[in-house]
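Nothing in this text is a laboratory measurement; each read-out follows from the coordinates by a stated rule. As the structure is a prediction and not an experimental result, all values here were calculated from the model. Please note: Cβ atoms are built from the backbone with ideal geometry, for glycine as well, and neighbour counts cover all protein chains shown.
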């Protein structure tokens with residue numbers, strides 16, 4: 001009797017490759033078509049029927065056997081086989097030369113006519129490789145900083161193209177350079193302008209309260225860099241006092257707050273424009289909503305009808 005190598009044949013028909021146990025229940029095979037995952041059918045069937053149960057002890061792979069057990073499996077078959085047997089003794093990566101010598105001596109003592117030893121990972125590339133389970137470290141639970149009952153801050157009045165904005169910045173600490181939250185009050189409650197302003201304030205407050213390697217001061221600087229200079233169709237003031245939009249006004253207020261800690265250091269409010277039409281539109285914007293036609297904050301409700309004083313748009 002002979003025991004021929006049946007690696008290719010066994011793989012082709014989906015069975016084990018001779019007297020070898022299955023290499024593993026799931027592994028990666030590298031071939032000419034690339035790397036693909038293979039699974040043992042009987043293992044997949046048992047897992048489908050028993051999804052949450054441990055494997056029975058009769059489910060044994062080549063990786064479960066010790067090198068000495070591999071030799072004894074071969075010796076048990078060798079007694080009835082005339083030629084040498086194609087059988088691989090899988091050894092772990094840390095297997096030494098001395099251990100390998102003793103393994104071959106055991107083959108000789110048990111009557112084996114030959115033997116093959118393969119140390120896992122001894123080659124840069126190997127045909128079969130146990131599929132590694134990617135274990136990701138659990139992410140730490142991230143919570144925003146809890147708001148204290150009492151916070152101290154300052155309120156800044158800024159003339160903007162959509163009306164006067166009152167921007168309140170509260171800090172949690174001894175100084176103003178640790179901003180904690182921002183409230184923005186502009187136009188009437190319930191208007192589109194007020195909703196947009198409240199949304200901006202909530203997002204900025206969330207950024208300041210989220211755990212981060214950056215300090216609240218550094219995060220405030222990033223917010224300023226993103227909002228500063230955002231333009232709109234109109235502007236208020238001149239030079240350094242120019243306010244181009246509500247986001248620009250918020251950035252200016254934040255910059256003043258973290259850069260100056262006393263009221264005396266705060267710059268003055270921008271001067272009103274001399275253009276009578278611009279002044280009239282600004283006064284209307286203090287109480288107006290955003291017009292869906294022209295985008296200006298001059299949509300007023302008069303006698304139950306909303307009308308824009310900039311473009312004449314009417315919703316009646």
Handout entry: FRET efficiency, residue 303 to residue 150 (Cβ-Cβ, R0 45 Å, nearest 0.05)
Key = 0.50
Handout entry: Estimated FRET transfer efficiency when R0 is 22 angstrom, pair residue 120-residue 60 (beta carbons, to 0.05)
Key = 0.80
Exercise for the section: Looking at the stretch 7-130, send over the antiparallel percent of its DSSP beta bridges, to the nearest 5. Expected result: 70 percent
Handout entry: Least to most buried among 37, 100 (fewest other Cβ within 10 Å first)
Key = 37, 100
Problem - Inter-label distance for residue 102 and residue 83, nm, one decimal - labels placed 7 Å from Cα along Cα-to-Cβ - result: 3.3 nm
Practice task
Give the relative contact order (percent, whole number) for the stretch 7-130; include only Cα pairs under 8 Å separated by 6+ residues.
Solution key: 27 percent
Fill in the blank from the handout: Listing 156, 166 by rising number of other beta-carbon atoms within 10 angstrom, fewest first, gives 166, 156
Practice task
Decide, for the stretch 1-90, between rounded, prolate and oblate: order the square roots of the alpha carbon gyration tensor eigenvalues as a ≥ b ≥ c, take rounded if a/c falls under 1.5, and otherwise choose prolate if a/b is larger than b/c, else oblate.
Solution key: oblate
Completion exercise
By Cβ neighbour count within 10 Å, fewest first, 257, 313 rank 313, 257
Fill in the blank from the handout: Looks like the stretch 42-85, by Cα gyration tensor root eigenvalues a ≥ b ≥ c and the a/c under 1.5 rounded cutoff (else prolate when a/b is bigger than b/c, oblate otherwise), is prolate
